[in-house]
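What follows is a single structure, written as structure tokens, with notes after it.
The values are calculated or read from the model by the stated rules, or taken from the named source; none is laboratory data. Everything numeric in this text was worked out from a predicted model, so none of it was measured. Using ideal geometry, Cβ is built from the backbone for each residue, glycine included, and neighbour counts are taken over all protein chains shown. Areas reflect the complete protein model, heavy atoms only, side chains present, ligands, DNA and RNA absent. Shrake-Rupley method; radii C 1.70, N 1.55, O 1.52, S 1.80 Å.
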Amino acid sequence: MKKLNLAIIGQGRSGKDIHGAYYCSDDNKYYNVKYVVDEDEYRRSVAEKLYEGCKTFCDYRELLELEDIDLVVNSAYSQMHYPITKELLLHGKNVLVEKPFARTRYECEELMKIAEDKGLVLAVFQQTFLAPFYEFAYELTKSGKLGDIKQISIRYNGFARRWDWQTLQKKCAGSTYNTGPHPIGMALGFLDFDKEARVVYSKLDRALTSGDADDYAKILITAPNKPLVDVEISSMDAYSDYNIKIQGTKGTFKTKPGAYEMTYIVDGENPERPVEEKFLQKENGDPAYCSEKLVKHSESGEFEGNAFDIGTAMLYKQLYEKLAKGKEMTVTAKMAAEIISVVEKVHADNPLSLKY
């Protein structure tokens, strides 16, 4: 198997600790890190040791005229995802861009059109779609085990404060742009990216952040004859015990990336009871509360791997097969553009004042 030559722009937390961790892992049978770009001299020196034999540059424009690059990974600052990806595509480069895809749907559409016109591959790093816990939850909603799914709640919460560039609106940052593509993407995924999916309520706010971007978001999304999906991203929730919770007419499921549990009923074990219009009473005539002990079943399990290992490895494997064999990927640029549509609308409906 011939490895593809790869260039990566940015050696920050994502570029080095997520993408770089994959490049250095046994899962990477597909790519040779030939070029690394970062403005910081120390990070370039680390990259030269980490990816043996690679050449480093201070400016990504050094890559534009090179002909021995099969893929460029754009892991620059979020506000640079669009302009850098556009320039790379215009120079004939296949691109994997980190999330967020861009700031607006228009920018996403422009990038997709350039890629299509030039016959290039444009992919977006939305690896959570390939995480075991999400795939399991999605299949569960289709299985009928939990009955008719009425509500899906997605929580990406914690109790923490940030004061870095990811708190600044001018950097295309904040919770919905930075963290949001994961839960919003899953929300749209549970709705099968229905063309009629709509944001029916949203609220953005600042809580603990030192910057001017949001660190609290509440977003409700639904579509005709589909569940209500409740997305929450909060920096002030110390007690969130799940990432996904599914409520159906036959049971409830909740999960974190590592493990899940669910409680459900089985058809035929709890026969339907007729409605009694008269008040309920005990044998001695005292008032009685309407209650019964349902026959329930409980189940739990663990997942091997998460979005950062299995999800990343699977996305890169699919991307290799797309580049080498033309196979379709699970996560498409069009899906990522739909996610940005939601983020853009939520920001338009909840403008926050600029401080920086």
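Brief remarks follow.
- Qualifying residue in the range 141-153 (condition: touching a residue at least 24 places away in the same chain (Cβ under 8 Å), within 28 Å of Leu96 (Cβ to Cβ), outside any loop (DSSP other than H, G, I, E, B) and of a type outside the set (Phe, Trp, Tyr)): no
- Looking only at residues in the range 24-35 that are buried (at least 18 other Cβ atoms within 10 Å of the Cβ) and in contact with a helix residue (DSSP H, G or I) (Cβ under 8 Å, 6 or more places away or on another chain), the one that is nearest to Tyr60 (Cα to Cα) is Tyr35.
- Hits in the range 57-77 (condition: open to solvent by 10 Å² or more (accessible area, probe 1.4 Å) and under 22 Å from Tyr177 (Cα atoms)): Ser75, Ala76, Tyr77
Yes/no matrix, rows are residues, columns are (1) within 21 Å of Gly189 (Cβ to Cβ); (2) exposed (fewer than 12 other Cβ atoms within 10 Å of the Cβ); (3) of a type in the set (Phe, Trp, Tyr); (4) free of Cβ contacts under 8 Å to residues at least 60 places away in the same chain:
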position: Asp241; (1), (2), (3), (4): no, yes, no, yes
position: Lys250; (1), (2), (3), (4): no, no, no, no
position: Lys254; (1), (2), (3), (4): yes, no, no, yes
position: Ile265; (1), (2), (3), (4): no, no, no, yes
position: Glu277; (1), (2), (3), (4): no, yes, no, yes
position: Thr312; (1), (2), (3), (4): yes, no, no, no
position: Val331; (1), (2), (3), (4): yes, no, no, no
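- Residue pairs whose Cβ atoms lie under 6 Å apart, separated by 6 or more positions or on different chains, with the first residue in the range 202-230 and without any contact (Cβ under 8 Å) to a residue 40 or more places away in the chain and part of a loop (DSSP other than H, G, I, E, B) and the second buried (at least 18 other Cβ atoms within 10 Å of the Cβ) and of a type in the set (Gly, Ala, Ser), are Ala207/Ser235; Ala223/Ala197.
- Every listed requirement among (1) over 22 Å from the mean Cα position of the chain (by Cα); (2) open to solvent by 10 Å² or more (accessible area, probe 1.4 Å) is met by Leu88 save one, (2).
- Residues of the range 309-356 that turn out to be of a type in the set (Val, Ile, Thr) and not in a helix (DSSP H, G or I), as a count: 3
- Meets criteria (of a type outside the set (D, E, K, R), over 15 Å from Ile154 (Cα atoms) and out of contact with any helix residue (DSSP H, G or I) (no Cβ under 9 Å at 6 or more places or on another chain)) for Thr209: no
- Within the range 296-308, the set of residues being open to solvent by 70 Å² or more (accessible area, probe 1.4 Å) and more than 14 Å from the chain's Cα centre (by Cα) comprises Lys296, Ser298, Ser300, Glu302, Glu304.
- Yes/no for Lys49 being without any contact (Cβ under 8 Å) to a residue 40 or more places away in the chain, among the basic types (Lys, Arg), out of contact with any Gly (no Cβ under 8 Å at 6 or more places or on another chain) and farther than 19 Å from Glu328 by Cα: yes
- Residue in the range 164-183 that is under 23 Å from Gly248 (Cα atoms) and either touching a residue at least 40 places away in the same chain (Cβ under 8 Å) or open to solvent by less than 30 Å² (accessible area, probe 1.4 Å) (or both) present: yes
- Counted residues, the range 254-278 - those being outside any loop (DSSP other than H, G, I, E, B) and either closer than 30 Å to Gly174 by Cβ or modelled with pLDDT under 95 (or both): 4
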